[in-house]
Each structure stands twice: as structure tokens, then as C-alpha cells.
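Just below is one structure, and these are the notes that go with it.
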Amino acid sequence: YLAQALASTGVQHYPNIEVIVVDDGSTDEAAQAYLDDLSKSDYRFPLRVIRQANAYVGAARNVAASVARGEYLVFLDDDNFMKPDAIAQLVRVAGARGVDVLTCAVDKFVGDSAPDSATQPVSTYVPLGSSLAAAPFLNTYGDIFALISRKTFLALGGFTEDSGITHEDWEFFSRAAIAGYSLE
């Protein structure tokens, strides 16, 4: 799904984006060839492909954040697909509200094709924000597709790099809420 996720970055209305793809030890020849081609392509936004030995998802995200230059960080999994105004809306709301971490509703689709405007989601998940009482039992914060202030990300030390442990986003959002950062 990586090509679909990247395609959704290329159509963003927000003009000031850099795209960083971290290959976390891929051994698939087709994936490696795709990333080779991607790194040489004429992409709409500045794009970098970084390759590293497998260190797991939290470490890969931390590497991307360490080379990113923006005021905000947005992370995507390869199965995420952004609407064209997603980044513009997140930046606008974060700036207007002065929040440190901003998550959003997530539409769930099934199938191998990218969703289009005619496709209805199977479900929609609307996060509650920083509900510390419920968070140990249910991810009330949202998906990894979130806008995070670079300053907040660095202050919290990024994502956990424990190999084999999932939900590093949930853990990061919990640390942000516990530390008193605004999370909406």
C-alpha cells in the first residue's frame, strides 16, 4: 500500500511539505526496486528515502523525525490514505487552537484499492482526545496519522524503540497527555 499512501501525500493542498520514507530493513526485491525508483523520481514535494537495518517501527519514525525540518511532524503508515486537504486542515486547526498534538477521525475502508469520493467507509473512528482515565483500556487518542509539534516530539524523546512492541503511537500520546501537553 505504500504507493497509495505516497500518492495521497502528493495531492495535498498544503504547499510546504517534505516527505521522508524510511525503509526499515526491507528484504523484498520489488520493494527495494520501488524505493530506488522513488528516490530518483521527480516528486511534487522534496522526498528522501532513508534505508536502515530493521530496527522496528518506532525507531524508523524517530529516524524520519530526526531529519525532518518542519515545525510539525505527521506520520503515516503504508496503509494510511490522506484526503487532499488533510495536512492543511491539521495545520490550520493546530495553529488556531495552539495544540501540541492533534489527531483526527479515521475512516476505515476494506480492499486493495485506494478509496475515492464514491466509496463509503466501513466504519469511522472518532478519538476522544486525552482521556487519561480511559486510555489504559482503549486508545482514546487516535491513529498514528496525527500532527505533532516538533518541539513536543523532541521534548518527549520520540517513540519507544522497543522491538516487537506495537502501539508506539498510543504510548507516545499517553506520555504527551500525562506530561500535560495539549492533545485534541
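The values are calculated or read from the model by the stated rules, or taken from the named source; none is laboratory data. Only a predicted model underlies this, so the values are computations on that prediction, with no experimental measurement involved. We place every Cβ from the backbone using ideal geometry, glycine too, and count neighbours over all the protein chains shown. Note: accessible area is taken over every heavy atom of the protein model, side chains too, but ligands, DNA and RNA are not part of it. Shrake-Rupley method; radii C 1.70, N 1.55, O 1.52, S 1.80 Å.
Of all residues assigned to the range 10-26, at least one qualifies as being surrounded by 13 or more Cβ atoms within 10 Å (Cβ to Cβ), part of a helix (DSSP H, G or I) and at pLDDT below 95. Of all the residues in the range 39-60, those that are crowded, with 18+ Cβ neighbours inside 10 Å and either in contact with a His (Cβ under 8 Å, 6 or more places away or on another chain) or not small (Gly, Ala, Ser) (or both) number 3. Within the range 95-107, if we keep just the residues that are assigned to a loop (DSSP other than H, G, I, E, B) and touching a Pro at 6+ places or on another chain (Cβ under 9 Å), the residue that is most open to solvent (accessible area, probe 1.4 Å) turns out to be 105. Among the residues making up the range 109-129, those that are surrounded by 14 or more Cβ atoms within 10 Å (Cβ to Cβ), under 16 Å from residue 80 (Cβ atoms) and modelled with pLDDT under 85 are 114, 115. In the range 130-150, the qualifying residues are those that are open to solvent by less than 40 Å² (accessible area, probe 1.4 Å) and aromatic (Phe, Trp, Tyr), and the one that is nearest to residue 4 (Cα to Cα) is 145. The set of residues in the range 75-94 being open to solvent by 50 Å² or more (accessible area, probe 1.4 Å), more than 14 Å from the chain's Cα centre (by Cα) and not charged (D, E, K, R) consists of 84, 89.
Here the range 130-174 is the region considered, the condition is being out of contact with any helix residue (DSSP H, G or I) (no Cβ under 9 Å at 6 or more places or on another chain) and of a type outside the set (A, V, I, L, M, F, W, C), and the residue that is modelled with the highest pLDDT is 151. Against the condition touching a residue at least 12 places away in the same chain (Cβ under 8 Å), among the hydroxyl-bearing types (Ser, Thr, Tyr) and closer than 19 Å to residue 65 by Cα, how does residue 149 come out, does it pass? So residue 149 fits the description; yes.
Among residues of the range 94-115 that are under 20 Å from residue 174 (Cα atoms), those with a beta-carbon under 7 Å from a residue that is open to solvent by 40 Å² or more (accessible area, probe 1.4 Å) and aromatic (Phe, Trp, Tyr) at least six positions away or on a different chain give the pairs 94/72; 100/181; 101/181; 105/125; 106/125. For the range 61-73, the count of residues that are basic (Lys, Arg), farther than 22 Å from residue 114 by Cα and surrounded by 13 or more Cβ atoms within 10 Å (Cβ to Cβ) is nonzero. I'm checking my understanding of the structure. Among residues of the range 152-164 that are farther than 25 Å from residue 89 by Cβ and touching a residue at least 12 places away in the same chain (Cβ under 8 Å), which one is least open to solvent (accessible area, probe 1.4 Å)? Here the answer is 160.
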